[in-house]
1. Mind listing just one residue for me: the one in region 120-134 that is over 21 Å from residue 85 (Cβ atoms) and touching a strand residue (DSSP E or B) at 6+ places or on another chain (Cβ under 7 Å) and, of those, surrounded by the most Cβ atoms within 10 Å (Cβ to Cβ)?
2. Give region 88-115 a look and list any residue that's assigned to a helix (DSSP H, G or I) and loosely packed, with under 14 Cβ neighbours inside 10 Å, or say none.
3. Looking at region 238-251, can you tell me whether even one residue there is more than 24 Å from residue 274 (Cβ to Cβ) and surrounded by fewer than 13 Cβ atoms within 10 Å (Cβ to Cβ)?
4. Which one of these does residue 162 not meet: (1) within 30 Å of residue 38 (Cβ to Cβ); (2) in contact with a strand residue (DSSP E or B) (Cβ under 7 Å, 6 or more places away or on another chain); (3) in a loop (DSSP other than H, G, I, E, B)?
5. Say whether the condition of being out of contact with any strand residue (DSSP E or B) (no Cβ under 7 Å at 6 or more places or on another chain) and closer than 15 Å to residue 247 by Cα is met by at least one residue in region 202-215.
6. Restricting attention to region 35-50, report how many residues are touching a helix residue (DSSP H, G or I) at 6+ places or on another chain (Cβ under 8 Å) and either more than 17 Å from residue 292 (Cα to Cα) or surrounded by fewer than 21 Cβ atoms within 10 Å (Cβ to Cβ) (or both).
7. Going by the conditions given, is residue 286 touching a helix residue (DSSP H, G or I) at 6+ places or on another chain (Cβ under 6 Å) and surrounded by fewer than 19 Cβ atoms within 10 Å (Cβ to Cβ)?
């Protein structure tokens, strides 16, 4: 039987979690060649391969010479580090290549000077339409925290159906990174956090600061319907999910967007049951995605 090789692109901070996930979900896969942020695995059986802790994954076609790559009809080019200087022919090829949702993408992965690997994957709706799943979110100098980029990436990847003036309950909002992005989308944000918010956020008339721990809130604190629950709070997933479950007993949001911190291996084992639990609560779409700006964390999106 011929062996099948797969590749994974992830952020170096997530590699330990990825390897743990592989041992749990793909026990027959053996780690092959790897560099920081790039890993390949060997298995005897070709299967549907999509680990949660990967920015991108697919079939690995191996290491290829530059001359062979120049003859490709179309391909995207990803560089492992920005400092690598790619041949102009590959840059031009990447820039002129277009791929549609559902189409097979050929990805050239430049790992070092004159070291090129090739992979293939099917372009999904939730993929960033960029080589190597690099974030397309522009830098915002006014963003108070990294949470701005996380919610912006979730918004783009999942094409979140947030409508103007819908109400968002943000758990653990300080200092206001995610709040800023949500306000920029013309949403009304109820930021729950006893800590201080950025002064510019507080000036926005669509922002309401509930200066309390979200664990203390109950149905009596809400006189209006809440359309979305958002959280990027730095607490264990078990705590966050328990509180979200409690809010769902008296709120009926259209969607829930959570960044779950996975600082311990055991939290990986929670993810599949968590997805099923949201489906049982009436959410028809429940997905997990590792976003480009993430470290040891994952995004959960649940939509009714």
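1. Keep residues of region 120-134 that are over 21 Å from residue 85 (Cβ atoms), which gives 120-129, 133.
Now narrow it down to the ones that are touching a strand residue (DSSP E or B) at 6+ places or on another chain (Cβ under 7 Å): 120-123, 126, 133.
Working: 120: 14, 121: 20, 122: 13, 123: 16, 126: 14, 133: 24.
Ranking the qualifying residues of region 120-134, first place goes to 133.
2. Those that are assigned to a helix (DSSP H, G or I) and loosely packed, with under 14 Cβ neighbours inside 10 Å: 88, 89, 91, 92, 95, 96.
3. Scanning region 238-251 turns up no residue that is more than 24 Å from residue 274 (Cβ to Cβ) and surrounded by fewer than 13 Cβ atoms within 10 Å (Cβ to Cβ).
4. Here residue 162 meets the rest and fails (1).
5. yes
6. Residues that pass the stated criteria total 3.
7. yes
All of the numbers you see were taken from the coordinates with simple rules; none came from a lab. Remember, predicted model here, so these are calculated numbers, not experimental data. Virtual Cβ from ideal backbone geometry, glycine too; neighbours counted across all protein chains shown.
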